[in-house]
Amino acid sequence: MLMSSTQPLAALENATEFVARHIGIAPEDEAHMLGAIGAASRDALIDAIVPPSIRRHQPMALPPAATEAQALAELKALAGRNQLLKSFIGQGYYGTHTPGVILRNILENPAWYTAYTPYQAEISQGRMEALVNFQTMVCDLTGMPIANASMLDEATAAAEAMTLAKRSVKSKSNRFVVAGDAHPQTIEVIQTRAAPLGIEVLLANSLEEWNQLMEGDYFAVLAQYPATSGRIDDLRADVDKAHAKQAAFIVATDLLALTLITPPGEWGADIVVGTTQRFGMPMGAGGPHAAFMACRDEFKRSLPGRLVGVSVDVHGKPAYRLALQTREQHIRREKATSNICTAQVLPAVVASMYAVYHGPEGLERIARRVASYTAILARGLAELGAPLREVPSFDTLSLHTAAATQAIVERAVSLGANLRVYFKEYLCISLDETTTRADVELLWKIFARDGQALPSFAAFEKGVEPLIPDGLRRSSDFLTHPVFNTHRSETAMLRYIRQLSDKDLALDRSMIPLGSCTMKLNATSEMIPITWPEFAQVHPFAPADQQQGYAELDKQLRDWLCQATGYAGISLQPNAGSQGEYAGLLAIKGWHASRGQSHRNVCLIPSSAHGTNPASAQMVGMQVVVTACDANGNVDMADLAAKCEQHSANLACIMITYPSTHGVFETQVKELCKLVHDHGGRVYVDGANMNALVGLAAPGSFGGDVSHLNLHKTFCIPHGGGGPGVGPVCVVEDLVPFLPGHATAGLAGGTGAISAAPLGNAAVLPISWMYIRMMGAQGLTLATETAILSANYISARLRDHYPTLYAGEHGHVAHECILDLRQFKESTGVMAEDVAKRLIDYGFHAPTLSFPVPNTLMVEPTESESLYELDRFVDAMIAIREEIRAIEQGRLPQDDNPLKNAPHTAETLLASEWAHPYSREAAAYPVAALRQSKYWCPVGRVDNVYGDRNLYCSCIPVDAYLS
Ligand SMILES: *Cc1c(COP(=O)(O)O)cnc(C)c1O
């Protein structure tokens, strides 16, 4: 017998089973760790770190922890409250078949979904190749020279296109013309984004209005092609009109349609945006999906979002890396043009793989089938006498159903189908890859009058032609690169996917100790529900009564997050932290305006802030005033008081991060909040560091007015190689009326929509729900305490090797620590970057490099890592310190040592020549354990400068591999 028979039943039921799975530190390791830190107990440690003035007195009121099985069963029941009707709604969201090989080996594969944003190029070559495929796919299909990877959704991409145009064109106008036949959610987000920037949006609700507006004054126009109602217009003459006014022509489009219709790049478009959802990503009630933006060559240096480029490594081999502008907010801050940080990498990878797997012929076949079914549907509807508007179209038909509209919609629902109501009197029907012959017949049935004979599919089948006019048919090739023409069999595809993921270092191989990013466990049971059809197959604009499962998920998750944060209201609409910041600042702006204080537009931001903060402030039209930090890294209260005084009349808010980006619980945070409040401003607390607070302190209770959370940091949504994320915006009571609404989806709200879909990246919300449900209040609090314990353990163990730059009153850090490497530059030439690259040879992903302090590493271990893994990391860092010492003592030259030459590739190690003053063994196996398990980096150090000078962002030409 292993267990005593006196064990109570409750212990056998093991309700907190998951807590021990999530937290990597075993109870028996704690004493050892506390000993290294010099703390008497975990409680004593936490008491010494978290200022008493902000400690919460009430535990979070959450349901008690459930086991994995219980939580899954409960969520399954909740999911079952969503109804799955066949969707013909379209409007930017379509049924799609995710190829099984992609579903299992990418979307459900931790090698892909637990990776981080590819800032460390050398360990991210696999996902960057997939992203370059994405960019090439978008360029080819749109006919544009350059595309990024990727945007958050089609609507925000359109809004970003508007601002890209504003800063790029010669026209000095501030008017923006939008075709009324664009997706309504796109129009809504554009209106939200335009207002604080003083851009006047002119909506053309008819052809006459469009023609009239095109003759007027504007800096750019946007048209949807094909339009939201399905029609395909020839826009060539309009492009010329816009160009004659030095204005830009922006096109929102559909990649599948572009396999058959002339791409906008061939008729003069300047910027092209859209979503790649129907390339294999389920609708998921609105997200996550990767949107795209492509533009003409002249605009490429100000293209927002993530752009992967081809550069070379030190050995002259082609290698991928992120182009300079990806870090734009960090470099340009309040002068940045966009705040996008976390985007939609995993969905972008899925979309690119969909194109790789199907290839040009496969995509065209899918598109032809959709277009042919649409043509057949149209003929049948005409035969039935339905009020069809006969216009060129690809996949969407519209009908002027007038007074009968509602009755037809109800009849459709009773037959299991959702149609789209458009301007009350019209119906739209969109087909997609999943549409069957039976679906077409079902649609006929909906429109047939009683007793009317149904048309025969077979009768229309012969010689059917898409409803695309000759003049708009595509004649150019696309996806000609071998990558889109090689992996046709499932075996080949499986191996290509595996080959790419093998190049990358994700959480499935080692800890990723990235400060500020909280790379914790993304548990399998949290991930399982996201591909359940009850969540995945829901259209975001399906009737509310069919989305009760999502509504309940939304409500419960918001309630729980309110408990964790102390706020009164939350919106889950923002689909990244940056978008939460934007929504939060809009709320503050709206509140001031509601009190006749619109002139309050000064936003104070400490110099140590994350780059998204000033970038977001700029986007809502606020003026950023930077405040200083003192020698201890804390907000300089004297400087802050002076700035508050100086800007008192115009103070809108302050944006702080808590605990600070320096990894410290500042003790004066309550006074700070009071000071700003006394001057009439509000306090925005960036919640990226919430992993140090959950259960211990709540920003909504200690003085914060608004926060965003990063569910992809604190609440277990995986980073996906750079997204998806969810950035809920949380506010105190009086700001609740200023949370984002979504008129398109029928949700009222003080500020307009900030995302295309009302629940943003809805389909990944089950991950955070599962986490909270399985951890319970005690488990979550233990996670926070353990994260703090582990960070302090690392800081303490490395004390004599790399000093921690900032610490709190008692010499402790919060949940992360900044290791100071600045002293090595002078004596050895070693930079933090060299240590980051050398860590790759030891099998680790680098900590956060040079943020928030140049030439430092910020380490955040999280609660999920085991003591074994923490020690492995510390031992690697100590071994690297010894390598630095060899340089200090002249045993190794400054320009030829294991740090400067890191990472070492197998190819260089196996070359017949080895001309370095240290051994191959020292390069590859600096610690013995690496002989058991070794990550081999596929490329040497990547040359960023070369890549930025020679910006090249498409698939590498085949002959480059041969040279
Ligand atoms: C990650 C982060 C953000 C931005 O969040 P995204 O989800 O990447 O947009 C903002 N502030 C801080 C401090 C962060 O660490």
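The values are calculated or read from the model by the stated rules, or taken from the named source; none is laboratory data. Because the structure is predicted, anything quoted here is derived from the model rather than measured. Cβ sites come from the backbone with ideal geometry, for glycine too, and all protein chains shown count toward neighbours. Side chains are part of the model used for accessible areas, which takes the heavy atoms of the whole protein and leaves out ligands, DNA and RNA. Shrake-Rupley method; radii C 1.70, N 1.55, O 1.52, S 1.80 Å.
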* To do: Return yes when Ala832 is under 28 Å from the mean Cα position of the chain (by Cα) and within 21 Å of Lys503 (Cβ to Cβ) and no when it is not.
  => no
* To do: Restrict the check to region 237-249 and report whether at least one residue is away from the ligand (no atom under 16 Å from the Cβ) and among the β-branched types (Val, Ile, Thr).
  => yes
* Within region 585-631, how many residues are under 15 Å from Ile340 (Cα atoms) and of a type in the set (Gly, Ala, Ser)? -> 4
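How about region 668-701: which of its residues are of a type in the set (A, V, I, L, M), away from the ligand (no atom under 16 Å from the Cβ) and part of a loop (DSSP other than H, G, I, E, B)?
Applying the first criterion (of a type in the set (A, V, I, L, M)) to region 668-701 yields 669, 672, 675-676, 683, 685, 688, 690, 692-694, 696-698.
From the residues that got through so far, the ones that are away from the ligand (no atom under 16 Å from the Cβ) too are 672, 675-676, 696-698.
Of everything in region 668-701, those that are of a type in the set (A, V, I, L, M), away from the ligand (no atom under 16 Å from the Cβ) and part of a loop (DSSP other than H, G, I, E, B) turn out to be Leu696, Ala698.
With charged (D, E, K, R) and over 37 Å from the mean Cα position of the chain (by Cα) as the only criterion, which of Arg389, Arg369, Arg333 stands out?
Working: Arg369 fails: over 37 Å from the mean Cα position of the chain (by Cα); Arg333 fails: over 37 Å from the mean Cα position of the chain (by Cα).
Result: Arg389 is the single residue among Arg389, Arg369, Arg333 that is charged (D, E, K, R) and over 37 Å from the mean Cα position of the chain (by Cα).
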* To do: Please tell me if Ile884 is open to solvent by less than 30 Å² (accessible area, probe 1.4 Å) and more than 26 Å from the chain's Cα centre (by Cα).
  => yes
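Can you tell me which residues in region 603-629 are in contact with a Pro (Cβ under 7 Å, 6 or more places away or on another chain) and open to solvent by less than 10 Å² (accessible area, probe 1.4 Å)? If you could, list the steps in order and put the result at the bottom.
Step one: of region 603-629, the residues in contact with a Pro (Cβ under 7 Å, 6 or more places away or on another chain) are 605, 608, 620-621, 624, 627, 629.
Ile605, Val620, Thr627, listed by residue number.
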* Structure fact -> Checked pairs for region 12-34, first under 16 Å from Asp871 (Cα atoms), second among the hydrophobic types (A, V, I, L, M, F, W, C) and surrounded by fewer than 16 Cβ atoms within 10 Å (Cβ to Cβ), C-beta under 9 Å and 6 or more apart or across chains, list as Ala26/Ala20; Leu34/Ala40; Leu34/Ala44
* To do: Find the helices (runs of 4 or more DSSP H) located wholly in region 560-667 whose residues include 1 or more that are of a type in the set (Phe, Trp, Tyr) and more than 11 Å from the ligand (Cβ to nearest atom), and list them.
  => 577-594
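Does Asp432 meet the test of being out of contact with any His (no Cβ under 6 Å at 6 or more places or on another chain) and surrounded by 14 or more Cβ atoms within 10 Å (Cβ to Cβ)? Working first, answer last.
On the way: out of contact with any His (no Cβ under 6 Å at 6 or more places or on another chain): yes; surrounded by 14 or more Cβ atoms within 10 Å (Cβ to Cβ): yes.
Against the criterion (out of contact with any His (no Cβ under 6 Å at 6 or more places or on another chain) and surrounded by 14 or more Cβ atoms within 10 Å (Cβ to Cβ)), Asp432 qualifies.
Are any of the residues in region 291-305 among the aliphatic types (A, V, I, L, M), buried (at least 24 other Cβ atoms within 10 Å of the Cβ), within 19 Å of the chain's Cα centre (by Cα) and modelled with pLDDT under 95? First the steps, then the outcome.
Our first condition is that a residue be among the aliphatic types (A, V, I, L, M); within region 291-305, this holds for 291, 293-294, 303.
Checking which are buried (at least 24 other Cβ atoms within 10 Å of the Cβ) leaves us with 291, 293-294, 303.
Filter once more, keeping what is within 19 Å of the chain's Cα centre (by Cα): 291, 293-294, 303.
From the residues that got through so far, the ones that are modelled with pLDDT under 95 too are 303.
Checked region 291-305: at least one residue is among the aliphatic types (A, V, I, L, M), buried (at least 24 other Cβ atoms within 10 Å of the Cβ), within 19 Å of the chain's Cα centre (by Cα) and modelled with pLDDT under 95.
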* Asked: Which residue pairs have Cβ atoms under 6 Å apart, sit 6 or more places apart or on different chains, and have a first residue in region 814-828 that is open to solvent by 10 Å² or more (accessible area, probe 1.4 Å) and a second that is assigned to a helix (DSSP H, G or I)?
  -> Ser827/Glu888
* Asked: For region 242-269, how many residues meet the condition of being among the hydrophobic types (A, V, I, L, M, F, W, C) and either over 20 Å from Leu213 (Cβ atoms) or open to solvent by 10 Å² or more (accessible area, probe 1.4 Å) (or both)?
  -> 8
* Filter the helices (runs of 4 or more DSSP H) completely within region 1-99 down to those with at least 1 residues that are within 30 Å of Pro347 (Cβ to Cβ) and open to solvent by 30 Å² or more (accessible area, probe 1.4 Å). => 17-22, 68-79
* To do: Name every residue in region 739-795 that is open to solvent by 10 Å² or more (accessible area, probe 1.4 Å) and closer than 25 Å to Asp29 by Cα, in order of residue number.
  => Ala777, Gln778, Thr781, Leu782, Glu785, Ser795
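Show me the helices (runs of 4 or more DSSP H) entirely contained within region 889-963 in which 3 or more residues are exposed (fewer than 14 other Cβ atoms within 10 Å of the Cβ).
Numbers: elements: 906-910, 920-924, 944-949, 958-962.
It comes to 906-910, 958-962.
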* Structure fact -> Screening Gly721, Gly725, Gly704 for residues that are farther than 26 Å from Asp820 by Cβ and either modelled with pLDDT under 95 or within 10 Å of the ligand (Cβ to nearest atom) (or both) leaves only Gly725
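For Arg332, are the conditions met, namely being at pLDDT 95 or above and either within 16 Å of the ligand (Cβ to nearest atom) or open to solvent by 20 Å² or more (accessible area, probe 1.4 Å) (or both)? Let's see the steps before the verdict.
Numbers: at pLDDT 95 or above: no; either within 16 Å of the ligand (Cβ to nearest atom) or open to solvent by 20 Å² or more (accessible area, probe 1.4 Å) (or both): yes.
So Arg332 fails the test.
Name the residue, out of Ala404, Ala417, Ala382, Ala386, that is in contact (Cβ under 8 Å) with a residue 60 or more places away in the chain and out of contact with any Gly (no Cβ under 9 Å at 6 or more places or on another chain). Break it down stepwise before answering.
Details: Ala404 fails: in contact (Cβ under 8 Å) with a residue 60 or more places away in the chain; Ala382 fails: in contact (Cβ under 8 Å) with a residue 60 or more places away in the chain; Ala386 fails: out of contact with any Gly (no Cβ under 9 Å at 6 or more places or on another chain).
Step by step, each of Ala404, Ala417, Ala382, Ala386 is checked, and only Ala417 is in contact (Cβ under 8 Å) with a residue 60 or more places away in the chain and out of contact with any Gly (no Cβ under 9 Å at 6 or more places or on another chain).
Which residues, taken from region 702-736, are among the hydrophobic types (A, V, I, L, M, F, W, C), in a loop (DSSP other than H, G, I, E, B) and open to solvent by 10 Å² or more (accessible area, probe 1.4 Å)?
Within region 702-736, the subset among the hydrophobic types (A, V, I, L, M, F, W, C) is 702, 706, 709, 711, 715-717, 726, 729-732, 735-736.
Now drop any that are not in a loop (DSSP other than H, G, I, E, B), which leaves 709, 711, 715-717, 726, 732.
Passing the criteria: only Val732.
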* Residues (more than 16 Å from the ligand (Cβ to nearest atom) and either at pLDDT 95 or above or within 23 Å of the chain's Cα centre (by Cα) (or both)) located in region 741-760 -> Gly741, His742, Ala743, Thr744, Ala745, Thr751, Gly752, Ala753, Ala756, Ala757, Pro758, Leu759
* To do: Residues being under 17 Å from Gly38 (Cα atoms) and of a type in the set (D, E, K, R): count how many of those fall in region 792-821.
  => 4
* Asked: Within region 367-410, can you find the residues that are open to solvent by 10 Å² or more (accessible area, probe 1.4 Å), assigned to a helix (DSSP H, G or I) and of a type in the set (Val, Ile, Thr)?
  -> Ile408, Val409
